[in-house]
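The values are calculated or read from the model by the stated rules, or taken from the named source; none is laboratory data. Fair warning: this is a prediction, and the values are worked out from it, not measured in the lab. Neighbour counts are summed over all protein chains in view; Cβ atoms, including those assigned to glycine, are modelled from backbone coordinates with ideal geometry. Ligands, DNA and RNA are excluded from the accessible area calculation, which covers all protein heavy atoms including side chains. Shrake-Rupley method; radii C 1.70, N 1.55, O 1.52, S 1.80 Å.
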Number of protein chains: 2
Amino acid sequence: MPAELRPSQALRLWHDVIFDLVRSDQPDLSARQQAVLLTVYLEPPPHTVRALARKLDVTKPAITRALDTMGRLGLLTRKRDEADRRNVVVQRTLEGALAVERLGDTIVARHRELPL
Amino acid sequence: MPAELRPSQALRLWHDVIFDLVRSDQPDLSARQQAVLLTVYLEPPPHTVRALARKLDVTKPAITRALDTMGRLGLLTRKRDEADRRNVVVQRTLEGALAVERLGDTIVARHRELPL
DNA sequence: GATGATCGTTTCGGAACCGAACTGTTACGC
DNA sequence: GCGTAACAGTTCGGTTCCGAAACGATCATC
């Protein structure tokens, strides 16, 4: 636990990071898409469509669409599970990893700039 | 500046908060809508459509639509500026203030739970 | 090998959103 | 007064997203 954070500081941090996301020319992802992306990159694999849908409490087509969009953006890829060919496992990509890394850096930077 | 935050912790925090937002039954706002809402509630007034558009580097219709949606949700209201009747000033609402406050609490809570 | 369950995807009508261009209103310089 | 600039909102065609339902493919069971 890295020291306390006051609500006003928390909101300021959120605002500043969202602000950077909106202003950046990177395609802006919806909350759901961000949730999927970060889950894939932070939680241990494997990640299937069904598991993601249940975890985020959204419908399966919503996950499929999110994967479509982010796949088009090169942020992740899909691959048939050869062990059980009904499953599709979501895989990370270099580009996706870089995007996530950039987000992390943005948060850290904005956090560092928070006023007392 | 409330103590350093490592990139892995920053991403975990972002993931956890986004996760809560997606799972909550509250209407999920896009990044732009969040940016508008937080700007209105954190930055000193007055907030006009044009100023918000320029600040976030998006088009005016995008701001108008965001205000339509969030107005429908009761998160903020519009009012003609009587001094200069061309302007519309965005005003805060009780419900919006509560929503922002909830977000702040969520961030603080998730931050408190961060692993070392 | 037929049956039923479990995958991810597709389809469907409806809703929200996008930027460019335009409209109507108001303020200001001349 | 008159013309111009600035403002918010609206219109337009096209894109994206939504959940419910249906779909085909695959596995497990008997």
Confirm whether A:THR69 is without any contact (Cβ under 8 Å) to a residue 24 or more places away in the chain and either farther than 28 Å from B:ALA53 by Cβ or part of a helix (DSSP H, G or I) (or both).
-> no
Within segment B:40-59, the count of residues that are outside any helix (DSSP H, G or I) and more than 12 Å from DNA strand C (Cβ to nearest atom) comes to 6
Among (1) over 11 Å from the mean Cα position of the chain (by Cα); (2) in contact (Cβ under 8 Å) with a residue 60 or more places away in the chain; (3) open to solvent by less than 60 Å² (accessible area, probe 1.4 Å), the one test that A:GLN26 misses | (3)
Just give me the residues in segment A:63-91 being more than 9 Å from DNA strand C (Cβ to nearest atom) and of a type outside the set (Lys, Arg), in sequence order.
-> A:ALA66, A:THR69, A:MET70, A:LEU73, A:GLY74, A:LEU75, A:LEU76, A:THR77, A:GLU82, A:ALA83, A:GLN91
Cross-chain or 6+ apart pairs with Cβ under 8 Å, segment B:91-116 first and within 11 Å of chain A (Cβ to nearest Cβ), then crowded, with 17+ Cβ neighbours inside 10 Å and basic (Lys, Arg) | B:LEU114/B:ARG12; B:PRO115/B:ARG12
Scanning segment A:69-110 residue by residue, the ones that are within 14 Å of DNA strand D (Cβ to nearest atom) and loosely packed, with under 12 Cβ neighbours inside 10 Å total 8
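Listed here are the residues, each with its yes/no results for (1) over 19 Å from A:VAL17 (Cβ atoms); (2) more than 14 Å from chain A (Cβ to nearest Cβ); (3) not hydrophobic (A, V, I, L, M, F, W, C).
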site: B:LEU5; (1), (2), (3): no, no, no
site: B:VAL17; (1), (2), (3): no, no, no
site: B:SER30; (1), (2), (3): no, no, yes
site: B:LEU37; (1), (2), (3): no, no, no
site: B:LEU56; (1), (2), (3): no, no, no
site: B:LYS60; (1), (2), (3): yes, yes, yes
site: B:LEU67; (1), (2), (3): yes, yes, no
Scanning segment A:1-39 for residues that are of a type in the set (Gly, Ala, Ser) and assigned to a loop (DSSP other than H, G, I, E, B), which turns out farthest from B:LEU37 (Cα to Cα)?
-> A:ALA3
Inspect all residues belonging to segment A:73-84 and state whether any of them is at pLDDT below 95 and part of a helix (DSSP H, G or I).
-> no
